[in-house]
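The values are calculated or read from the model by the stated rules, or taken from the named source; none is laboratory data. The structure presented is a predicted model; accordingly, all values stated were derived computationally and were not measured. Cβ atoms come from the backbone with ideal geometry, glycine included; neighbour counts cover every protein chain shown. The area values use the complete protein model at the heavy-atom level, side chains included, leaving out ligands, DNA and RNA. Shrake-Rupley method; radii C 1.70, N 1.55, O 1.52, S 1.80 Å.
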Amino acid sequence: MSATTENTTAALKALPLEPPAGTRRLNTAKALQEAIGSAMEQDPAVFVLGEDVGAYGGIFSSTTGLLEKFGPKRIIDTPISESAFIGLGIGAAVEGMRPIVELMFVDFFGVCMDQIYNHMAKIHYESGGNVRVPMVLMTAVGGGYSDGAQHSQALWGTFAHLPGMKVVIPSNPYDAKGLMTAAIRSDDPVVYMFHKGVMGLAWMSKNKRSIGAVPEEDYEVPLGKAKVVRQGTDVSIVTLSLSVHHSLDVAEKLAEEGISVEVLDLRSLVPLDREAIIATAAKTGKVIVVDEDYQSFGLSGEIAATITEHSPTLLTHFSRVCMPDTPIPYAQELEYAVLPTATRIEAAVRKAVAE
């Protein structure tokens with residue numbers, strides 16, 4: 001056994017065990033609130049700040065009910081100045097607090113990227129490892145709601161490309177709670193990205209998979225550990241976030257025709273579970289990456305490189321169902337034409353198994 005394999009095995013053994021989901025059911029928004037509330041109860045250093053996180057409860061209900069429980073000194077509504085309040089969070093983290101800072105839409109990163117990347121992500125490195133920045137930058141991502149080109153992007157590939165930050169993306173209530181708990185406890189800065197479509201909010205498009213079983217007790221979903229959410233033998237879909245839901249819908253439909261689709265939910269991009277990617281590729285020999293982020297220079301290419309660098313002959317098929325390299329349209333028909341919908345995923349699977 002190589003030293004690298006031994007280190008990987010030891011690291012996996014050290015990861016906390018995920019408890020059984022049980023039967024108590026929550027939507028993703030409620031699971032997220034529960035993780036944050038529990039962390040605040042246990043650690044007075046944990047607090048939340050951002051636009052509309054207080055009385056409004058977050059525009060996607062990420063902080064609903066927390067102001068009433070913890071008060072305005074720990075649930076802090078901020079002015080519309082992302083650079084200012086993210087900088088405030090960074091300073092608090094450097095001084096020993098554990099802030100959760102909400103950037104309302106990930107698309108707004110452009111006005112505060114200096115704080116995120118030149119400070120939050122780099123302080124630990126630039127201090128020679130002497131200064132930690134234990135903060136969570138929480139943000140909403142994704143399209144499908146006619147929010148236009150400036151409120152509908154995923155962009156997780158952008159953050160994953162820049163070293164110094166962990167990047168996690170839950171697809172369901174169970175993972176939302178466990179990943180948030182792990183993110184808050186991490187001593188590194190974590191970018192926590194939730195898709196609007198997985199939150200399970202009544203005023204958004206109904207999604208049966210956005211409500212699921214969630215344990216009442218605290219638990220962690222380990223950062224950097226992907227999960228096979230459906231076993232299959234004919235073709236593997238490697239995906240994350242809302243696209244997990246679409247992929248599972250397609251897998252269930254095609255199972256009736258005898259097509260067996262495996263679905264791997266990455267759950268985090270940094271760290272990236274490359275071993276899980278290689279394992280599913282080796283199992284089926286055919287991989288489709290479904291990614292709501294832009295196709296070029298992103299996650300889908302990284303997955304292809306991960307597999308081929310491991311074994312150039314491992315695959316008989318590789319394809320991508322991603323966002324084309326274009327701003328996201330406002331008009332619903334045009335928006336759904338570019339999103340990685342179930343229709344596009346199904347077509348890709350049928351093509352793969354036909355080869």
Exercise. Scan around residue 318 for amide H atoms under 5 Å from its own, H built in the peptide plane at 1.01 Å from N, and keep only partners 5 or more places away or cross-chain.
Key: 287
Quiz item: Counting Lys and Arg as +1 and Asp and Glu as -1, what is the net charge of the other residues whose Cβ lies under 9 Å from the Cβ of residue 26?
Solution: +3
Self-check item: Exposed-site-free run, longest, the chain (rule: trypsin sites (Lys or Arg not before Pro); DSSP loop; at most 13 other C-beta within 10 Å)
Solution: 207-355
Self-check item: Per residue accessible area in Å² of segment 238-339, where ligands, DNA and RNA are left out and the probe is 1.4 Å
Solution: 41 Å²
Quiz item: Tilt of helix 173-185 relative to the longest C-alpha principal axis of the chain, in degrees (0 to 90, nearest 10)?
Solution: 50 degrees
Self-check item: segment 147-212: projected area of the alpha-carbon convex hull, averaged over directions, in nm²
Solution: 5.3 nm²
Practice problem: Would you list which lysines come within 22 Å of residue 225, measuring only between C-alpha atoms, while excluding same-chain residues fewer than 8 positions from it? | Solution: 13, 166, 177, 283, 286
Quiz item: Under a 5 Å amide H to amide H cut-off, with H placed in plane at 1.01 Å, what residues pair with residue 98 once short-range neighbours are removed?
Solution: 46, 47
Exercise. For segment 143-213, give the percent of accessible area contributed by carbon and sulfur heavy atoms, probe 1.4 Å, rounded to a whole number.
Key: 53 percent
Practice problem: With the convex hull built on the Cα atoms of segment 95-153, state its orientation-averaged projected area in nm². | Solution: 4.5 nm²
Practice problem: May I ask for the angle, rounded to the nearest 10°, between helix 242-255 and the longest principal axis of the chain, with both axes built from Cα atoms and the value confined to 0 to 90°? | Solution: 30 degrees
Exercise. Give, in whole angstrom and from largest to smallest, the semi-axes √(5λ) of the equivalent ellipsoid of segment 183-281, with λ running over the eigenvalues of the Cα gyration tensor.
Key: 25, 20, 11
Quiz item: Counting DSSP beta bridges in segment 223-290, what percent are antiparallel, to the nearest 5?
Solution: 25 percent
Quiz prompt | Of the GluC sites (Glu not before Pro) in segment 154-246, those whose Cβ has at most 16 other Cβ within 10 Å and which sit in DSSP loop | solution = 216, 217
Quiz item: Straight-line reach from residue 253: which aspartates and glutamates have Cα under 19 Å away, leaving out those fewer than 8 places along the same chain?
Solution: 234, 262, 265, 346
Quiz prompt | Nearby aspartates and glutamates by direct alpha-carbon distance to residue 73 (threshold 15 angstrom, same-chain neighbours under 8 apart not counted) | solution = 41, 43, 51, 52
Practice problem: Would you calculate a helix-derived [θ] at 222 nm for the chain, using -39,500 (n - 2.57) for each DSSP H run of n ≥ 4 and dividing by the full residue count, to the nearest 500? | Solution: -10500 deg cm²/dmol
Quiz prompt | Enclosed volume per residue, in Å³, of the convex hull spanned by Cα atoms of the chain | solution = 143 Å³
